[in-house]
1. Show me the helices (runs of 4 or more DSSP H) found entirely inside the range 187-258 where at least 3 residues are farther than 25 Å from Phe134 by Cβ.
2. With the condition kept exactly as written, say whether any residue in the range 53-62 is surrounded by fewer than 21 Cβ atoms within 10 Å (Cβ to Cβ), near the ligand (Cβ under 10 Å from one of its atoms) and under 23 Å from Val157 (Cβ atoms).
3. Would you pick out the residues in the range 68-118 that are part of a strand (DSSP E or B) and over 30 Å from Thr170 (Cβ atoms)?
4. For the range 202-209, check the following and say yes or no: at least one residue is over 22 Å from Gly13 (Cα atoms), surrounded by fewer than 21 Cβ atoms within 10 Å (Cβ to Cβ) and modelled with pLDDT of 95 or more.
5. Looking only at the range 243-258, how many residues end up being farther than 11 Å from Gly16 by Cβ and crowded, with 18+ Cβ neighbours inside 10 Å?
6. Within the range 88-110, does at least one residue satisfy the condition of being within 23 Å of Gly198 (Cα to Cα), surrounded by fewer than 19 Cβ atoms within 10 Å (Cβ to Cβ) and touching a residue at least 40 places away in the same chain (Cβ under 8 Å)?
7. Name the single residue that is farthest from the ligand (Cβ to nearest atom) among those in the range 244-261 being closer than 17 Å to Thr215 by Cβ and touching a helix residue (DSSP H, G or I) at 6+ places or on another chain (Cβ under 8 Å).
8. Against the condition modelled with pLDDT of 95 or more and within 24 Å of Arg204 (Cβ to Cβ), how does Glu73 come out, does it pass?
Amino acid sequence: MSIERKIQVVTGGTSGMGLGTAKALGTFGPVLIGGRNQKRLENALEELKAAGIEAYGKTCDVSDKASLQEFAEYAVGIAPIGSVVNAAGVDYGAVPRDALLKINMQGTHYVLETFLPYLDNSNVVNYSSVTGYFYQPKKEELELWMNPDAEDFLEKVSALIPEPKDPRMTVLGPDYMAYAASKRFVMFYTMANTKRVGSKNNSRIISIAPGSFMTPMLVNQGVENEAVAEGMKRGTAFYRLGESEEMADLIQHLLSPGHEYLTGCDIIMDGGRTALGMYPQFE
Ligand SMILES: NC(=O)c1ccc[n+]([C@@H]2O[C@H](COP(=O)([O-])OP(=O)(O)OC[C@H]3O[C@@H](n4cnc5c(N)ncnc54)[C@H](OP(=O)(O)O)[C@@H]3O)[C@@H](O)[C@H]2O)c1
């Protein structure tokens, strides 16, 4: 059975790139979206249904195992799992550091653990971030990251995150490095689960690293301020931000039949931001 007519599950599918992804994956079959806020969920469902998609919604919190179990059972009650896209995530400055690490790191782990038994020639996509490429985990961190269920995981992870050395990072606030670490974890965790996921009848797992995309998360970062937007645009090759629909198109393409050998990797879509940040450019 191919991806068609199976259910496409999107956590964080109530806003921004998650909602865009849910819309794009609706071409394959029914879609289930989840998020914590009931009102946001209802609005997103309405938008998906208005686009002609067979859409379902259920509140869920990716940092809560019990809520995810109910969410997964609801999903498989509709149809076998085609894809699980974990777009749920929070930004630096938006929530306390502990909540950020819990949602972005343990949340990614909980989503996979909950859906793993139901995967059968299915796809898993995690949203990382290009920010993760600017974080180099130490050996002790990688060892810790291998067991996200360990006691005091969050405290230990938090204690190993260094202060930023680059003043451009310092101005982004005290939790910027925690966000970068959490997104590096998403890449690590995705790759470290390649074999496990593959054993579920050739299921695939990838992560997607967005640069700066125009979503409510970016609005929280102050993108409506011209100087902030200017800085983000200048970091790309095209002097513009990405749109949720562009990201959704990429994911739909990568999950469609014909890409069965693509697994265990992080795919960057950032208008060239990582290249410009890491390498000198030929004029
Ligand atoms: N926008 C960018 O430029 C950018 C760049 C790099 C990476 N990313 C990553 O891309 C992903 C999507 O970002 P976005 O910009 O589309 O963000 P967004 O518009 O703020 O949407 C975030 C979504 O995640 C949900 N969410 C947050 N915490 C959750 C939790 N504990 N459980 C379940 N759902 C939760 C939110 O709904 P509720 O609040 O109702 O739960 C919302 O639906 C995130 O992982 C983000 O870190 C974004």
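The values are calculated or read from the model by the stated rules, or taken from the named source; none is laboratory data. Being a predicted model, the structure only gives us computed values, none of them experimental. Methodologically, a virtual Cβ is constructed for each residue, glycine included, from the backbone with ideal geometry; neighbour enumeration extends over all protein chains shown.
1. Of the helices (runs of 4 or more DSSP H) lying wholly inside the range 187-258, those with at least 3 residues that are farther than 25 Å from Phe134 by Cβ span 194-198, 244-255.
2. Yes, the range 53-62 contains a residue that is surrounded by fewer than 21 Cβ atoms within 10 Å (Cβ to Cβ), near the ligand (Cβ under 10 Å from one of its atoms) and under 23 Å from Val157 (Cβ atoms).
3. Ile81, Gly82, Ser83, Val84, Val85
4. Yes.
5. Counting residues in the range 243-258 that are farther than 11 Å from Gly16 by Cβ and crowded, with 18+ Cβ neighbours inside 10 Å gives 3.
6. no
7. Asp249
8. So Glu73 passes the test.
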